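In what follows, a structure is listed as structure tokens, so that the remarks can point back to it.
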Amino acid sequence: MNQLTRDLLDSPGPLLLVPDAVLLPEGPADGYAVVVADGSFRAVGPAGELARTHPGLDAVTLPGHLLMPGFVDAHHHLTQSFGSALAFGEPSEIFRRVWVPLEGALDEESAHAAAKLAALEALRGGFTTVTDAGTRADVDVDIVASAARDAGIRCVLGLVCNDVAGDAATAAEDSTAAVLESAEKHLARYDGDPLIHASLAVSIPEAATSTTLHRTARLAEEAGAVVQIHVNEHLAGVERSLVRHGLRPLEHLHSIGALGPQLLAAHATLLTPRELTLLADTGTAVSYNPVASAWKGNAVAPATAMAERGIRFGLGTDGTRGDGFRLADAAEFAQRIAYGLATGDSSCGAGWTWLEHATAGGADAVGLGARTGTVAEGLAADFLLVDITTPELALSRDVPWELVRRGNRDQITAVFVAGELRLWRGLPTGWDGPALVRQAAQLARAAVERAPITRVHPTSAAARQRSTAR
Ligand SMILES: [Zn+2]
């Protein structure tokens, strides 16, 4: 596609887009087209039919391209991007040693740059929605909202509602009241915003009182929002909960009425059969984060089993790397290694499962199922134009599985969010991406220097030197 096409795509007003195919939930539909107007899909159907029913629109043909839903990242920490190169080789509960100190070293300028950098990486990887689990930087969370808005990405924005500090077991009553008051304000703050969707967050169950866990669930339920909690992620967390409550983290949340469709349980890697039933029975959603499992986890969430049992889940990067195709691939790959090899299941979800949970399933899990995640009439026009003429995809016979196993961000020509062209061939439209990257790299060096970070693992080169010295 040439500059002329790019300019047409970047123009305001309704667009009739005619790619080679449109990826629908049931599979790729050849010869389909879409009409985009006012930020949404106004129509989706056979190209000839849409041309007849929209005679005032000139068709923009997109030869060699697949139009597919944008990816939904169901778990991210946008203001942790400055530490994205500090996470390798680190054991579990890295948040204590790296993330909390790093976020504590951010000021308004660096928090904004970190969040915008993460948003840019996400857009480049085909994500049109990111779910932020709540910044622990000491700044107004609106800094993160404005960074997402400036970058042009949809953002489910968590506000941290922890009311227990450190290893204390209880909170002062006034801190609980203050937390709940801010939670209520935050849930109303972005009403009507086209890109920002408010959400609540508790870092881990032990970081909030039972009152707060219960009340945030009810507040989110009433507002149609989600509460994000890291749950059953590491052995240390499961054991802390057992010691304190005699219950595993998910069982504890269940005992105080905090499970339900409003809960987005991040990770949920260590699940007993009983806890799988609790998730299924309560309609609780999960963010399955396969790359985080590989990098610092104790286990891989049983996502193929969750899909089979109708447990709602999306896929999350947890800030590891922002490529939607590689995430879908990791989701399948981790299931194969952790479960499929042992049972002789050579398909583990048959490709489509991971594409669906990376898009529509993720949108549902983060509370936006009625807004995004699918190319369908009335939903937000959050979509990608993927080049299917490359050596990786041109010999196509099975598009969904090819996208999972052979796709990556290089094949994305354009990213649209809310009907607007936000990224063209890896570069943002309307603002200077490379300048932001340069600024962020500088601010990151200073923030990492300031932060009291403890790393367990040496750099790769230092590890080599140690190894070869023996
Ligand atoms: Zn996380």
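Here the chain is treated as a sphere whose radius is the Kirkwood value from Cα pairs; by Stokes-Einstein at 37 °C and 0.692 mPa s it diffuses with a coefficient of 145 µm²/s. Only protein atoms count toward the accessible area here, which uses a 1.4 Å probe; on the chain, the carbon and sulfur part of that area reaches 52 percent.
Axis angle, to the nearest 10 degrees, between helix 235-245 and the longest C-alpha principal axis of the chain: 50 degrees. The ellipsoid equivalent to the alpha-carbon distribution of the stretch 1-47 has semi-axes of 20, 14, 8 angstrom, derived from the gyration tensor eigenvalues as √(5λ) and listed largest first. With the charge dipole of the chain set up from +1 on Lys and Arg Cβ and -1 on Asp and Glu Cβ about the Cα centre, the Cα lying farthest toward the positive end among the listed residues Thr353, Asn289, Ser467 is that of Ser467. Summary of the geometry: the stretch 103-177 and the stretch 76-93, compared by the centres of their Cα atoms, lie 14 Å apart. You can think of it this way: the chain between Ser346 and Thr390 has 13.2 nm of extra reach, that is 0.36 nm per residue less the Cα-Cα gap. Mean sequence separation of contacting Cα pairs (under 8 Å, at least six apart), scaled by the length of the chain, corresponds to a relative contact order of 20 percent. The GluC sites (Glu not before Pro) of the stretch 280-380 include none that meets both conditions, a loop assignment by DSSP and at most 10 other Cβ atoms within 10 Å of the site Cβ. Taking the Cα centre of the stretch 71-365 as origin and assigning +1 to Lys and Arg Cβ atoms and -1 to Asp and Glu Cβ atoms, the resulting dipole is close to 640 debye. Averaging the Cα positions of each part gives two centres, and for the stretch 259-313 and the stretch 179-200 these lie 25 Å apart. For the pair Ala172 and Ala370 in one chain, pulling the backbone fully straight at 0.36 nm per residue adds 67.4 nm over the alpha carbon distance. For the stretch 331-438, state which trypsin sites (Lys or Arg not before Pro) are in a DSSP loop and have at most 15 other beta carbons lying within 10 Å of their beta carbon. Here the sparse-neighbourhood loop sites are Arg397, Arg425. Once the chain from Arg397 to Ala435 is taken as fully extended at 0.36 nm per residue, the excess over their C-alpha distance is 9.6 nm. For the stretch 444-470 versus the stretch 224-239, the spacing of their alpha-carbon centroids is 29 Å.
Specify the angular offset, from 0 to 90 degrees and rounded to the nearest 10, of the alpha carbon long axis of helix 324-335 from the longest principal axis of the alpha carbons in the chain. Tilt relative to the chain: about 60 degrees.
Over all projection directions, the Cα-based convex hull of the stretch 26-127 averages an area of 10.5 nm². Could you state the angle between the C-alpha long axis of helix 460-469 and the longest principal axis of the C-alpha atoms of the chain, as a value from 0 to 90 degrees rounded to the nearest 10? Long axis of 460-469 versus the principal axis of the chain: about 60 degrees. Ranked by the mean number of other Cβ atoms within 10 Å of their residues, highest first, the peptides 194-201, 387-394 fall in the order 194-201, 387-394.
The values are calculated or read from the model by the stated rules, or taken from the named source; none is laboratory data. Just so we're clear, the structure is a prediction, and the values are computed from it rather than from any experiment. All Cβ positions, even for glycine, are placed from backbone atoms using ideal geometry, and neighbour counts span all protein chains on display. SASA here: full protein model, heavy atoms, side chains in, ligands and nucleic acids out. Shrake-Rupley method; radii C 1.70, N 1.55, O 1.52, S 1.80 Å.
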